[in-house]
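> This is the structure I want to talk about, given as structure tokens.
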Protein chains: 2
Amino acid sequence: MFPELTAHIRKFTSLPEGAEAILADYLEVRTCRKKDFLLKAGQVCNGNYFIIKGCCRSFMITEKDTELINHFAIEYWWITDYFSLESQRPSEYSIQAIEDTECVVLYRNCQDALFEKLPELERYFRIISQKALAAALQRVTYIFMHSGEERYEHFRQSFPEFVQRVPQYMLASYLGFTPEFLSKIRAKRNG
Amino acid sequence: MFPELTAHIRKFTSLPEGAEAILADYLEVRTCRKKDFLLKAGQVCNGNYFIIKGCCRSFMITEKDTELINHFAIEYWWITDYFSLESQRPSEYSIQAIEDTECVVLYRNCQDALFEKLPELERYFRIISQKALAAALQRVTYIFMHSGEERYEHFRQSFPEFVQRVPQYMLASYLGFTPEFLSKIRAKRNG
DNA sequence: CGCGACGTTGATTTGCCTCAACGATTGTGG
DNA sequence: CCACAATCGTTGAGGCAAATCAACGTCGCG
């Protein structure tokens, strides 16, 4: 049913016979077009989204009315706001497709029942959350240790294909500086 | 056996009869004095530490030979390096007590067996990891949205008692600026 | 075609760092 | 118990990375 997702789960834990059928009962596929929102700031987040094809971003609006991207997700990544999802309080973030996107949704109101039927998923989400947490902590230290130019260079070398997929102003936002500054970095490299 | 820990677990999930006895089989208490290391950079991290009393920090050494703190933990917080713990590869971080500290240790080589006996712990660690992940992502956006002065002010108001517990140069490191700069912020507030 | 979104470039400003010198406090060995 | 060193915090001068603001070129799309 969801071959990409089950393959991803099996990277981290085993699944019993018949797991696919159970997953099919509790998960949904959702498609959305570029610029559609999976979550709008102010709403309660009610789903966790696993990208099969496409690309999404999570961002918030700053006091100065500019967007600040705190997360991208491409194929085989989950994206959600865990704060809002678990507390069921309004989210400060929006999640938006930046390409036409197809994803598997685990809705919050199905989650507990699914975990009861398939306890291996607790383990799966524990492991990927711990990995994501380690990466997020690492990101903070990386930000403090390196200049904007170094961060861009590092990101470009780590995800060369991804840099082509998103507009520059989004990259700049994710990396924590202005589009003008990114433009100047690029000019210097090529000059 | 570990009343602080079981109370913490029960905040997030239920525990069966006899859970305390099982936990007692798999967990250890460890005490260490100020400046002792729970993990040194270069070693493989083999435990996850739940602080009962005291305070620890996790930090790395930058290229310029200065410390960069990426995490504090006080009473009822877990601290570890999940990257090293799960991959069993050498850690880039050190974890050190900054007060005399007493903690409960879950060693990596006991973890799987314990989770098998007490599957509720998978759920517990999933939930607290997701919360910590949300907080870490939030921290990045907060860093990008606010000046050093605003970050200090926000931290001070959020954790007034904690600001008293740690030396200023550690706070400055955690907040991502120099001790000199923190000193100037404080001078301005009091002036 | 014309408008809005995106990227570029330059001039100016600013938040924070670096370096250096100097008190205050702590702790440690003689 | 004192002397001295090490650690920690403060203050000031000068410098740099990156922001801000503004103007302009280009492309895609309704």
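Values in this text are rule-based calculations from the coordinates and carry no lab data. Everything numeric here is computed off the predicted structure, so don't read it as measured data. Heads up, the Cβs are rebuilt from the backbone with ideal geometry, glycines too, and the neighbour counts pull from every protein chain shown.
> What trypsin sites (Lys or Arg not before Pro) does region A:54-144 have in DSSP loop regions with at most 11 other beta carbons within 10 Å?
Details: sites: A:ARG57, A:LYS64, A:ARG108, A:LYS117, A:ARG123, A:ARG126, A:LYS131, A:ARG139; in loops: A:LYS64.
Those satisfying the criteria are A:LYS64.
> Let me know the Rg and Dmax you get for region A:3-139 when you use only its Cα atoms, in Å.
15.1, 53
> Placing the label point 7 Å from Cα along the Cα-to-Cβ direction, what are the distances from B:SER147 to the equivalent spots in the other copies, shortest first, in nm to one decimal?
2.3
> Taking neighbour counts of Cβ atoms within 10 Å as a proxy for exposure, in what order, fewest first, do A:LYS188, B:LYS34 appear?
By the 10 Å Cβ count, ascending: A:LYS188, B:LYS34.
> Considering the dipole of the protein assembly as shown built from charges on the beta carbon (Lys and Arg +1, Asp and Glu -1) around the Cα centre, which of A:TRP78, B:SER183, A:GLN88 is farthest to its positive end?
B:SER183
> Taking the label point as lying 7 angstrom from Cα along the Cα-to-Cβ axis, what are the distances from B:THR62 to the corresponding position in the remaining copies, in ascending order and in nanometres?
The answer, with the shortest distance listed first, is 2.1 nm.
> Could you give the size of the charge dipole of region A:146-191 about its Cα centre, using +1 on the Cβ of each K and R and -1 on the Cβ of each D and E, expressed in debye and rounded to the nearest 20?
120
> At A:SER158, with labels set 7 Å past Cα in the Cβ direction, how many nm apart are the copies from this one, shortest first?
2.2
> Any chance you could check the Cα centroid distance between region A:77-142 and region A:155-191 for me, in angstrom?
If you average the Cα positions of each part, the centres end up 26 Å apart.
> Let me ask something else. Which one of A:TYR174, A:HIS146, A:GLN164 is farthest out on the positive end of the charge dipole of region A:146-191, using unit charges on Cβ (Lys, Arg +1; Asp, Glu -1) and the Cα centre as origin?
The residue sitting most towards the positive pole is A:GLN164.
> For a quick check of your reading of the filter: which GluC sites (Glu not before Pro) in region B:129-191 sit in a DSSP loop and have no more than 10 other Cβ atoms within 10 Å?
Details: sites: B:GLU149, B:GLU150, B:GLU153, B:GLU161, B:GLU180; in loops: none.
Sites meeting the loop and neighbour criteria: none at all.
> Within region B:145-181, list the residues whose amide N lies under 11 Å from a label point set 7 Å along Cα→Cβ of B:PHE37.
none
> Same structure again: How charged is the neighbourhood of B:ALA113? Take every other residue with its Cβ under 15 Å from the Cβ of B:ALA113, and add Lys/Arg as +1 and Asp/Glu as -1. Show your work: numbers first, answer last.
Numbers: positive: A:ARG123, B:ARG108, B:LYS117; negative: B:ASP25, B:GLU28, B:ASP112, B:GLU116, B:GLU120, B:GLU122.
Summing Lys/Arg as +1 and Asp/Glu as -1 gives -3.
> State whether region A:139-191 is rounded, prolate or oblate according to the following rule on the C-alpha gyration tensor (a ≥ b ≥ c being the square roots of its eigenvalues): a/c under 1.5 gives rounded; otherwise a/b larger than b/c gives prolate, and the remaining case gives oblate.
Working: a/c = 1.40, a/b = 1.20, b/c = 1.17.
Rounded, since a/c falls under 1.5.
> What angle do you read, to the nearest 10 degrees and between 0 and 90, between the alpha-carbon axis of helix B:108-117 and the longest principal axis of chain B?
The two axes meet at around 50 degrees.
> Once the convex hull of the C-alpha atoms of region A:34-103 is built, how many Å³ does it hold per residue, rounded to a whole number?
Each residue corresponds to 73 Å³ of Cα convex hull volume.
> Taking neighbour Cβ counts within 10 Å as the exposure measure, how do B:GLU122, B:GLU20, B:GLU86 sort from fewest upward?
B:GLU20, B:GLU86, B:GLU122
> Another question, if that's okay. Straight-line reach from A:LYS11: which lysines have a Cα under 25 Å away, not including same-chain ones fewer than 8 places off?
A:LYS53, A:LYS117, A:LYS131, B:LYS117, B:LYS131
> What ranking do A:ASP100, A:ASP112 get, fewest neighbouring Cβ atoms within 10 angstrom at the top? Please list the in-between numbers first.
Working: A:ASP100 14, A:ASP112 9.
Ordered from fewest to most neighbouring Cβ atoms within 10 Å, A:ASP100, A:ASP112 come out as A:ASP112, A:ASP100.
> Let me check against my output: what whole-number percent is the relative contact order of chain B, with C-alpha pairs under 8 Å and at least 6 apart?
This gives 24 percent for chain B.
> Under unit Cβ charges (Lys, Arg +1; Asp, Glu -1), what dipole magnitude, rounded to 20 debye, does region A:3-139 have relative to its Cα centre?
320
> How many angstrom lie between the C-alpha centres of region B:10-73 and region A:2-26?
Value for the Cα centre distance between the two parts: 33 Å.
> Give me the dipole magnitude in Debye, nearest 20, for the protein assembly as shown about the Cα centre, with unit charges on the beta carbon: positive for Lys and Arg, negative for Asp and Glu.
That gives the protein assembly as shown a dipole magnitude of about 1180 debye.
> Could I ask something else about it? At q = 0.10, 0.11, 0.14 Å⁻¹, what is the log10 ratio I(q)/I(0) for the protein assembly as shown, with the Debye formula run over Cα points and no solvent?
Those come out to -0.72, -0.88, -1.41, one per q.
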